[in-house]
Amino acid sequence: MATEQKKINVLMCGTGEYTTGWTGSGASTSDKKIGVVALTLFDLRRLGKVDVLGMVGVNGGKFPAIRQHLDKNIGGVYKDMDLNFQEYPKEGKVDPEAYKAAIDELTPGDAVIIFTPDSTHFPIALYAIERGMHVLITKPATQKLEHHNILIEAAEKKGVACWVEHHKRYDPTYSDAKARVATLGEFNFFNAWMAQPKSQLDTFKAWAGKDSDISYYLSSHHVDICTWILQDIAVPTRVVASAAAGIAVSKPYECVEGTEDTITLMIDFQSVKSPNHKGTAISTSSWTAPLKSGVHTSQHWYYMGEKGDIHIDQAHRGYDVTHDETGKAWVNPFYMKYSPSATGHFDGQRGYGYISIEKFIDAARSVNAGQAQPSDFDGQEYPTIQNTVLTTAILHAGRISLDEKRPVGLKQEGGKWVLE
(Lines give C-alpha, C1' and ligand atoms only; values in the text may rest on other atoms or scores of the structure.)
Protein backbone atom coordinates (compact mmCIF):
# COMPACT_ATOMS: atom_id res chain seq x y z
CA MET A 1 0.00 0.00 0.00
CA ALA A 2 1.39 3.40 -1.01
CA THR A 3 2.14 5.90 1.75
CA GLU A 4 3.58 9.39 1.92
CA GLN A 5 7.29 9.62 1.10
CA LYS A 6 9.49 10.03 4.17
CA LYS A 7 12.96 11.49 4.48
CA ILE A 8 15.68 8.91 3.98
CA ASN A 9 18.86 8.31 6.02
CA VAL A 10 22.02 7.99 3.93
CA LEU A 11 25.46 6.54 4.63
CA MET A 12 28.32 7.80 2.43
CA CYS A 13 31.04 5.17 1.96
CA GLY A 14 34.30 6.86 1.04
CA THR A 15 35.72 10.18 2.26
CA GLY A 16 37.77 11.18 -0.78
CA GLU A 17 37.66 13.67 -3.64
CA TYR A 18 34.24 12.86 -5.08
CA THR A 19 32.53 12.69 -1.68
CA THR A 20 34.13 15.65 0.13
CA GLY A 21 36.63 17.36 -2.19
CA TRP A 22 39.36 16.33 0.28
CA THR A 23 42.27 14.15 -0.84
CA GLY A 24 45.19 12.62 1.01
CA SER A 25 47.29 15.69 0.20
CA GLY A 26 44.65 18.29 1.13
CA ALA A 27 41.82 20.01 -0.74
CA SER A 28 41.34 18.77 -4.29
CA THR A 29 42.76 20.88 -7.12
CA SER A 30 40.40 19.32 -9.69
CA ASP A 31 36.97 20.53 -10.84
CA LYS A 32 35.50 18.87 -7.71
CA LYS A 33 37.12 21.18 -5.15
CA ILE A 34 34.31 20.74 -2.60
CA GLY A 35 33.16 17.33 -3.78
CA VAL A 36 29.84 16.20 -5.14
CA VAL A 37 28.23 13.56 -2.90
CA ALA A 38 28.32 15.22 0.54
CA LEU A 39 27.44 18.64 -0.87
CA THR A 40 24.47 17.22 -2.78
CA LEU A 41 23.21 15.31 0.26
CA PHE A 42 23.57 18.36 2.55
CA ASP A 43 21.44 20.30 0.06
CA LEU A 44 18.88 17.48 -0.31
CA ARG A 45 18.56 17.55 3.49
CA ARG A 46 17.93 21.30 3.31
CA LEU A 47 15.21 20.57 0.74
CA GLY A 48 13.54 17.93 2.95
CA LYS A 49 14.43 14.70 1.13
CA VAL A 50 17.27 13.44 3.37
CA ASP A 51 17.47 13.10 7.15
CA VAL A 52 20.41 11.60 9.08
CA LEU A 53 23.76 11.38 7.28
CA GLY A 54 26.80 9.21 7.99
CA MET A 55 30.24 8.97 6.42
CA VAL A 56 32.59 6.00 6.63
CA GLY A 57 36.22 5.70 5.58
CA VAL A 58 39.17 3.58 6.61
CA ASN A 59 41.12 6.15 8.64
CA GLY A 60 39.07 8.00 11.25
CA GLY A 61 42.00 10.33 11.81
CA LYS A 62 41.09 12.21 8.61
CA PHE A 63 37.73 13.47 9.91
CA PRO A 64 38.90 16.60 11.80
CA ALA A 65 40.55 17.93 8.61
CA ILE A 66 37.54 16.90 6.48
CA ARG A 67 35.09 18.64 8.83
CA GLN A 68 37.24 21.79 8.83
CA HIS A 69 37.35 21.69 5.01
CA LEU A 70 33.55 21.27 4.77
CA ASP A 71 32.86 23.99 7.37
CA LYS A 72 35.02 26.48 5.48
CA ASN A 73 34.08 25.64 1.88
CA ILE A 74 30.40 24.65 2.26
CA GLY A 75 29.20 26.06 5.58
CA GLY A 76 31.06 29.31 5.01
CA VAL A 77 29.79 29.71 1.44
CA TYR A 78 26.14 28.58 1.39
CA LYS A 79 23.27 29.57 3.69
CA ASP A 80 21.20 27.09 5.75
CA MET A 81 23.48 24.07 5.25
CA ASP A 82 23.39 21.53 8.10
CA LEU A 83 26.78 19.78 7.86
CA ASN A 84 26.22 17.27 10.68
CA PHE A 85 27.11 13.64 9.96
CA GLN A 86 28.09 10.59 11.97
CA GLU A 87 31.63 9.39 11.32
CA TYR A 88 33.07 5.88 11.09
CA PRO A 89 35.51 4.62 12.29
CA LYS A 90 35.21 6.70 15.43
CA GLU A 91 37.94 8.10 17.69
CA GLY A 92 40.50 8.31 14.91
CA LYS A 93 40.81 4.55 14.53
CA VAL A 94 41.93 2.77 11.35
CA ASP A 95 39.59 -0.01 10.21
CA PRO A 96 39.24 -1.24 6.60
CA GLU A 97 35.94 -2.91 7.54
CA ALA A 98 34.40 0.06 9.35
CA TYR A 99 31.66 0.05 6.70
CA LYS A 100 30.17 -3.05 8.34
CA ALA A 101 29.65 -1.35 11.71
CA ALA A 102 28.26 1.73 9.95
CA ILE A 103 25.79 -0.29 7.85
CA ASP A 104 24.78 -2.35 10.88
CA GLU A 105 23.53 0.86 12.53
CA LEU A 106 21.18 1.57 9.61
CA THR A 107 17.56 0.48 9.22
CA PRO A 108 16.27 -1.44 6.16
CA GLY A 109 15.12 1.11 3.60
CA ASP A 110 18.00 3.49 4.35
CA ALA A 111 20.45 4.27 1.54
CA VAL A 112 24.17 3.62 1.07
CA ILE A 113 26.21 5.60 -1.49
CA ILE A 114 29.56 4.01 -2.34
CA PHE A 115 32.51 6.06 -3.63
CA THR A 116 35.49 3.91 -2.68
CA PRO A 117 38.32 2.20 -4.61
CA ASP A 118 36.98 -0.07 -7.38
CA SER A 119 38.01 -3.34 -5.72
CA THR A 120 35.85 -2.56 -2.66
CA HIS A 121 32.57 -1.78 -4.44
CA PHE A 122 31.30 -5.36 -4.56
CA PRO A 123 31.79 -6.41 -0.90
CA ILE A 124 30.37 -3.13 0.45
CA ALA A 125 27.39 -3.15 -1.93
CA LEU A 126 26.55 -6.79 -1.22
CA TYR A 127 26.80 -6.26 2.54
CA ALA A 128 24.40 -3.30 2.32
CA ILE A 129 21.91 -4.98 -0.04
CA GLU A 130 21.73 -8.14 2.06
CA ARG A 131 20.71 -5.96 5.01
CA GLY A 132 17.91 -4.29 3.07
CA MET A 133 19.57 -1.02 2.06
CA HIS A 134 19.13 0.82 -1.24
CA VAL A 135 22.54 1.21 -2.87
CA LEU A 136 24.14 3.67 -5.30
CA ILE A 137 27.60 2.59 -6.49
CA THR A 138 30.08 4.72 -8.32
CA LYS A 139 31.25 3.41 -11.67
CA PRO A 140 32.43 0.79 -12.37
CA ALA A 141 29.81 -1.07 -10.34
CA THR A 142 32.15 -4.05 -10.00
CA GLN A 143 35.37 -5.17 -11.67
CA LYS A 144 34.07 -8.64 -12.46
CA LEU A 145 30.97 -9.55 -14.45
CA GLU A 146 30.08 -12.41 -12.10
CA HIS A 147 30.00 -9.97 -9.17
CA HIS A 148 27.71 -7.62 -11.09
CA ASN A 149 25.34 -10.53 -11.75
CA ILE A 150 25.35 -11.41 -8.03
CA LEU A 151 24.33 -7.82 -7.15
CA ILE A 152 21.47 -7.98 -9.69
CA GLU A 153 20.14 -11.14 -8.02
CA ALA A 154 20.69 -9.87 -4.46
CA ALA A 155 18.88 -6.57 -5.10
CA GLU A 156 15.96 -8.37 -6.73
CA LYS A 157 15.73 -10.82 -3.82
CA LYS A 158 15.75 -8.06 -1.17
CA GLY A 159 13.46 -5.71 -3.13
CA VAL A 160 15.83 -2.75 -2.97
CA ALA A 161 17.00 -0.23 -5.56
CA CYS A 162 20.60 -0.74 -6.68
CA TRP A 163 21.85 1.85 -9.14
CA VAL A 164 25.22 2.83 -10.63
CA GLU A 165 26.25 6.50 -10.60
CA HIS A 166 26.63 6.95 -14.37
CA HIS A 167 26.00 10.70 -14.28
CA LYS A 168 26.67 11.21 -17.98
CA ARG A 169 23.28 9.68 -18.76
CA TYR A 170 21.82 12.88 -17.26
CA ASP A 171 23.97 15.24 -19.35
CA PRO A 172 21.36 16.94 -21.60
CA THR A 173 23.74 16.76 -24.56
CA TYR A 174 24.20 13.02 -24.20
CA SER A 175 20.53 12.24 -23.63
CA ASP A 176 19.65 14.34 -26.67
CA ALA A 177 22.27 12.46 -28.70
CA LYS A 178 20.76 9.13 -27.62
CA ALA A 179 17.40 10.20 -29.04
CA ARG A 180 19.03 11.27 -32.30
CA VAL A 181 20.98 8.00 -32.61
CA ALA A 182 17.63 6.20 -32.78
CA THR A 183 16.96 8.02 -36.08
CA LEU A 184 20.28 7.07 -37.70
CA GLY A 185 19.55 3.43 -38.53
CA GLU A 186 22.03 0.64 -37.94
CA PHE A 187 25.20 1.20 -35.89
CA ASN A 188 28.55 1.38 -37.66
CA PHE A 189 31.26 3.12 -35.59
CA PHE A 190 31.82 4.75 -32.17
CA ASN A 191 35.06 6.35 -30.96
CA ALA A 192 35.47 7.84 -27.46
CA TRP A 193 38.42 9.57 -25.78
CA MET A 194 38.66 10.46 -22.09
CA ALA A 195 41.80 11.60 -20.29
CA GLN A 196 42.90 13.36 -17.12
CA PRO A 197 46.22 15.07 -16.28
CA LYS A 198 49.23 13.24 -14.88
CA SER A 199 48.59 14.85 -11.48
CA GLN A 200 45.85 12.23 -11.01
CA LEU A 201 48.60 9.63 -10.60
CA ASP A 202 49.44 11.36 -7.30
CA THR A 203 45.76 11.70 -6.29
CA PHE A 204 45.12 8.00 -6.91
CA LYS A 205 48.54 6.62 -5.95
CA ALA A 206 47.06 4.50 -3.14
CA TRP A 207 45.28 2.28 -5.68
CA ALA A 208 46.44 3.14 -9.21
CA GLY A 209 47.71 -0.02 -10.88
CA LYS A 210 47.22 -2.06 -7.69
CA ASP A 211 43.48 -2.31 -7.22
CA SER A 212 42.27 -0.95 -10.56
CA ASP A 213 43.29 0.65 -13.85
CA ILE A 214 42.53 3.71 -15.95
CA SER A 215 40.06 1.82 -18.15
CA TYR A 216 37.84 0.88 -15.20
CA TYR A 217 38.13 4.43 -13.86
CA LEU A 218 37.50 6.48 -17.02
CA SER A 219 36.28 4.21 -19.84
CA SER A 220 33.39 3.25 -17.55
CA HIS A 221 31.89 6.62 -18.57
CA HIS A 222 31.78 6.26 -22.33
CA VAL A 223 31.45 2.48 -22.48
CA ASP A 224 28.23 2.99 -20.55
CA ILE A 225 27.10 5.76 -22.92
CA CYS A 226 27.87 3.50 -25.88
CA THR A 227 25.91 0.49 -24.55
CA TRP A 228 23.09 2.82 -23.43
CA ILE A 229 22.59 4.48 -26.81
CA LEU A 230 22.85 1.08 -28.53
CA GLN A 231 20.38 -0.52 -26.09
CA ASP A 232 17.86 -1.55 -28.76
CA ILE A 233 20.23 -1.38 -31.73
CA ALA A 234 23.25 -3.67 -31.16
CA VAL A 235 24.94 -5.88 -28.55
CA PRO A 236 28.67 -6.42 -27.86
CA THR A 237 30.21 -9.73 -28.95
CA ARG A 238 33.99 -9.36 -28.53
CA VAL A 239 36.58 -7.12 -26.82
CA VAL A 240 40.28 -6.65 -27.60
CA ALA A 241 42.42 -4.33 -25.44
CA SER A 242 45.78 -2.63 -25.92
CA ALA A 243 47.79 -0.48 -23.49
CA ALA A 244 50.55 2.14 -23.50
CA ALA A 245 52.89 2.32 -20.51
CA GLY A 246 56.05 3.95 -19.16
CA ILE A 247 55.00 7.30 -17.65
CA ALA A 248 53.10 6.13 -14.56
CA VAL A 249 55.87 3.77 -13.41
CA SER A 250 58.65 6.35 -13.92
CA LYS A 251 59.69 9.37 -11.86
CA PRO A 252 58.15 11.45 -10.40
CA TYR A 253 55.01 9.26 -10.15
CA GLU A 254 56.55 5.82 -9.57
CA CYS A 255 53.30 3.86 -9.51
CA VAL A 256 53.56 0.10 -9.06
CA GLU A 257 55.10 -1.95 -11.85
CA GLY A 258 52.53 -2.81 -14.50
CA THR A 259 50.45 0.37 -14.14
CA GLU A 260 49.25 1.32 -17.61
CA ASP A 261 49.20 4.94 -18.84
CA THR A 262 46.58 4.66 -21.58
CA ILE A 263 44.21 1.78 -22.36
CA THR A 264 42.23 1.28 -25.56
CA LEU A 265 39.28 -1.10 -25.87
CA MET A 266 38.03 -2.23 -29.28
CA ILE A 267 34.53 -3.69 -29.05
CA ASP A 268 32.70 -5.62 -31.77
CA PHE A 269 28.91 -5.17 -31.94
CA GLN A 270 26.23 -7.18 -33.70
CA SER A 271 22.92 -5.65 -34.77
CA VAL A 272 19.93 -7.03 -32.89
CA LYS A 273 17.70 -6.75 -35.98
CA SER A 274 19.97 -7.36 -38.97
CA PRO A 275 22.41 -10.30 -39.22
CA ASN A 276 24.32 -8.36 -41.90
CA HIS A 277 25.08 -5.27 -39.80
CA LYS A 278 28.07 -5.21 -37.47
CA GLY A 279 29.72 -2.25 -35.77
CA THR A 280 32.96 -1.30 -34.01
CA ALA A 281 33.35 0.80 -30.87
CA ILE A 282 36.66 2.17 -29.56
CA SER A 283 37.07 3.58 -26.06
CA THR A 284 40.42 5.05 -24.98
CA SER A 285 41.23 6.35 -21.50
CA SER A 286 44.38 7.89 -20.03
CA TRP A 287 45.65 9.49 -16.83
CA THR A 288 48.86 10.78 -18.41
CA ALA A 289 47.43 13.78 -20.28
CA PRO A 290 49.23 17.19 -20.13
CA LEU A 291 49.02 19.14 -16.88
CA LYS A 292 47.92 22.54 -18.23
CA SER A 293 45.52 21.76 -21.04
CA GLY A 294 42.74 24.01 -19.73
CA VAL A 295 40.43 21.12 -18.79
CA HIS A 296 40.52 18.57 -15.97
CA THR A 297 38.94 15.91 -18.15
CA SER A 298 39.55 15.91 -21.88
CA GLN A 299 36.61 14.05 -23.43
CA HIS A 300 34.84 13.67 -26.72
CA TRP A 301 33.15 11.00 -28.80
CA TYR A 302 32.03 10.35 -32.36
CA TYR A 303 29.14 8.14 -33.51
CA MET A 304 28.45 7.02 -37.07
CA GLY A 305 25.26 5.26 -38.01
CA GLU A 306 23.75 4.05 -41.25
CA LYS A 307 22.12 7.42 -41.98
CA GLY A 308 24.30 10.01 -40.26
CA ASP A 309 26.79 10.84 -37.53
CA ILE A 310 27.17 12.74 -34.23
CA HIS A 311 30.21 14.38 -32.65
CA ILE A 312 30.28 15.63 -29.06
CA ASP A 313 33.17 17.54 -27.46
CA GLN A 314 32.26 17.66 -23.80
CA ALA A 315 35.53 19.32 -22.79
CA HIS A 316 35.07 22.46 -24.92
CA ARG A 317 31.48 23.71 -24.82
CA GLY A 318 32.07 27.20 -26.19
CA TYR A 319 32.62 28.55 -22.67
CA ASP A 320 36.14 29.45 -21.53
CA VAL A 321 37.55 31.63 -18.76
CA THR A 322 41.03 33.18 -18.61
CA HIS A 323 42.68 34.30 -15.38
CA ASP A 324 46.06 36.02 -14.94
CA GLU A 325 47.27 33.41 -12.46
CA THR A 326 45.87 30.20 -13.93
CA GLY A 327 45.55 30.92 -17.63
CA LYS A 328 42.72 29.71 -19.84
CA ALA A 329 40.24 27.07 -18.71
CA TRP A 330 37.22 25.56 -20.42
CA VAL A 331 34.53 25.18 -17.76
CA ASN A 332 31.47 22.96 -17.47
CA PRO A 333 28.69 24.40 -15.24
CA PHE A 334 26.30 21.76 -16.57
CA TYR A 335 28.00 19.17 -14.30
CA MET A 336 28.23 21.01 -10.97
CA LYS A 337 27.57 24.71 -10.38
CA TYR A 338 29.34 25.85 -7.24
CA SER A 339 28.54 29.58 -7.24
CA PRO A 340 25.72 30.44 -4.76
CA SER A 341 22.27 31.73 -5.72
CA ALA A 342 21.19 35.35 -5.30
CA THR A 343 19.84 34.39 -1.86
CA GLY A 344 23.16 32.83 -0.85
CA HIS A 345 22.01 29.20 -1.09
CA PHE A 346 23.54 26.33 -3.06
CA ASP A 347 22.40 26.73 -6.67
CA GLY A 348 23.58 23.55 -8.42
CA GLN A 349 20.36 21.53 -8.45
CA ARG A 350 20.28 21.48 -12.26
CA GLY A 351 23.78 20.02 -12.66
CA TYR A 352 23.86 16.44 -13.87
CA GLY A 353 26.31 15.48 -11.10
CA TYR A 354 23.63 16.54 -8.58
CA ILE A 355 20.71 15.09 -10.54
CA SER A 356 22.39 11.67 -10.70
CA ILE A 357 22.32 11.42 -6.89
CA GLU A 358 18.90 13.06 -6.48
CA LYS A 359 17.24 10.63 -8.94
CA PHE A 360 18.51 7.69 -6.88
CA ILE A 361 17.29 9.27 -3.62
CA ASP A 362 13.87 9.89 -5.23
CA ALA A 363 13.68 6.27 -6.41
CA ALA A 364 14.62 4.86 -3.00
CA ARG A 365 12.04 7.06 -1.25
CA SER A 366 9.31 6.02 -3.71
CA VAL A 367 10.12 2.32 -3.15
CA ASN A 368 10.01 2.84 0.62
CA ALA A 369 6.60 4.51 0.28
CA GLY A 370 5.23 1.63 -1.82
CA GLN A 371 4.77 3.94 -4.81
CA ALA A 372 7.17 1.96 -7.04
CA GLN A 373 9.00 -1.34 -7.37
CA PRO A 374 12.78 -1.30 -7.94
CA SER A 375 12.25 -3.12 -11.25
CA ASP A 376 10.04 -0.26 -12.51
CA PHE A 377 13.16 1.83 -13.09
CA ASP A 378 14.79 -0.80 -15.33
CA GLY A 379 12.33 0.13 -18.08
CA GLN A 380 12.90 3.87 -17.66
CA GLU A 381 16.52 3.93 -18.87
CA TYR A 382 17.96 4.78 -15.45
CA PRO A 383 21.42 3.32 -14.69
CA THR A 384 20.10 0.48 -12.53
CA ILE A 385 22.32 -2.49 -11.74
CA GLN A 386 20.32 -4.45 -14.36
CA ASN A 387 20.72 -1.76 -17.04
CA THR A 388 24.50 -1.43 -16.61
CA VAL A 389 25.61 -5.06 -16.85
CA LEU A 390 27.12 -4.68 -20.33
CA THR A 391 29.36 -1.86 -19.13
CA THR A 392 30.90 -4.18 -16.53
CA ALA A 393 31.06 -7.04 -19.04
CA ILE A 394 33.10 -4.93 -21.51
CA LEU A 395 35.44 -3.45 -18.88
CA HIS A 396 36.08 -6.89 -17.35
CA ALA A 397 36.68 -8.37 -20.82
CA GLY A 398 39.19 -5.58 -21.50
CA ARG A 399 41.14 -6.40 -18.34
CA ILE A 400 41.24 -10.10 -19.24
CA SER A 401 42.34 -9.22 -22.79
CA LEU A 402 45.29 -7.20 -21.43
CA ASP A 403 46.30 -9.81 -18.85
CA GLU A 404 45.94 -12.84 -21.12
CA LYS A 405 46.77 -11.13 -24.43
CA ARG A 406 43.72 -12.46 -26.25
CA PRO A 407 40.30 -11.40 -27.55
CA VAL A 408 37.43 -12.04 -25.12
CA GLY A 409 33.95 -13.01 -26.31
CA LEU A 410 30.65 -11.93 -24.71
CA LYS A 411 27.42 -13.89 -24.89
CA GLN A 412 24.13 -14.49 -23.11
CA GLU A 413 23.74 -17.81 -21.35
CA GLY A 414 20.65 -18.74 -19.35
CA GLY A 415 19.49 -15.11 -19.26
CA LYS A 416 22.86 -13.83 -17.98
CA TRP A 417 25.77 -12.18 -19.75
CA VAL A 418 28.98 -14.21 -19.49
CA LEU A 419 32.52 -13.93 -20.85
CA GLU A 420 34.14 -16.58 -23.02
Next item on the list: Could you identify the single residue in I263, I312 that is open to solvent by less than 20 Å² (accessible area, probe 1.4 Å), touching a residue at least 24 places away in the same chain (Cβ under 8 Å), among the β-branched types (V, I, T) and closer than 22 Å to S175 by Cα?
Entry: I312
Notebook entry, point to check: Can you tell me how many residues in segment 119-153 are of a type outside the set (V, I, T) and assigned to a helix (DSSP H, G or I)?
Noted result: 16
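Conditions tested, residue by residue: (1) modelled with pLDDT under 95; (2) among the β-branched types (V, I, T); (3) open to solvent by 10 Å² or more (accessible area, probe 1.4 Å).
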{"residue": "M1", "(1), (2), (3)": "yes, no, yes"}
{"residue": "K32", "(1), (2), (3)": "yes, no, yes"}
{"residue": "T40", "(1), (2), (3)": "no, yes, no"}
{"residue": "G54", "(1), (2), (3)": "no, no, no"}
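For every residue, the table says whether it meets (1) assigned to a loop (DSSP other than H, G, I, E, B); (2) closer than 21 Å to Q412 by Cβ; (3) modelled with pLDDT under 95; (4) more than 23 Å from the chain's Cα centre (by Cα).
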| site | (1), (2), (3), (4) |
| --- | --- |
| V235 | no, yes, no, no |
| R238 | no, yes, no, yes |
| V256 | yes, no, yes, yes |
| F269 | no, yes, no, yes |
| N276 | yes, yes, no, yes |
| S283 | no, no, no, no |
| S286 | no, no, no, no |
| K292 | yes, no, yes, yes |
Notebook entry, point to check: List, please: which pairs have Cβ atoms under 6 Å, are six or more places apart or on different chains, and start with a residue in segment 204-223 that is closer than 11 Å to Q143 by Cβ and end with one that is surrounded by fewer than 20 Cβ atoms within 10 Å (Cβ to Cβ)?
Noted result: D211/P117; D211/S119
Margin query: Just to be sure I understand, how many residues within segment 169-214 are of a type in the set (K, R) and modelled with pLDDT of 95 or more?
Written below: 3
Next item on the list: Would you kindly identify the strands (runs of 3 or more DSSP E) lying entirely within segment 1-108 that contain at least 3 residues that are over 30 Å from L201 (Cβ atoms)?
Entry: 8-13, 50-56
Item checked: Condition met for H396 (within 19 Å of the chain's Cα centre (by Cα) and surrounded by 13 or more Cβ atoms within 10 Å (Cβ to Cβ)) -> yes
Next item on the list: Answer yes if at least one residue in segment 194-214 is open to solvent by 10 Å² or more (accessible area, probe 1.4 Å), assigned to a helix (DSSP H, G or I) and touching a helix residue (DSSP H, G or I) at 6+ places or on another chain (Cβ under 9 Å), and no otherwise.
Entry: yes
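Residue by residue, here is whether (1) in a helix (DSSP H, G or I); (2) open to solvent by 30 Å² or more (accessible area, probe 1.4 Å); (3) within 26 Å of C226 (Cα to Cα); (4) without any contact (Cβ under 8 Å) to a residue 60 or more places away in the chain holds:
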site	(1), (2), (3), (4)
G344	no, no, no, no
I357	yes, no, yes, no
A363	yes, no, yes, no
G370	no, yes, no, no
F377	yes, no, yes, no
S401	yes, no, yes, no
Check: Failed condition for E306, given (1) open to solvent by 80 Å² or more (accessible area, probe 1.4 Å); (2) charged (D, E, K, R); (3) touching a strand residue (DSSP E or B) at 6+ places or on another chain (Cβ under 6 Å), with all others met?
Finding: (3)
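Here is a yes/no grid of residues against (1) touching a residue at least 12 places away in the same chain (Cβ under 8 Å); (2) of a type in the set (A, V, I, L, M, F, W, C); (3) under 16 Å from Q196 (Cα atoms):
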position	(1), (2), (3)
T227	yes, no, no
L230	yes, yes, no
P236	yes, no, no
A244	yes, yes, yes
K251	no, no, no
F269	yes, yes, no
S274	yes, no, no
T280	yes, no, no
W287	yes, yes, yes
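The values are calculated or read from the model by the stated rules, or taken from the named source; none is laboratory data. Predicted, not measured: the structure shown is a model, and the values here were computed from it. Backbone-built Cβ (ideal geometry, glycine too); neighbour counts: all protein chains shown. For accessibility, only protein heavy atoms count, side chains too; no ligands or nucleic acids. Shrake-Rupley method; radii C 1.70, N 1.55, O 1.52, S 1.80 Å.
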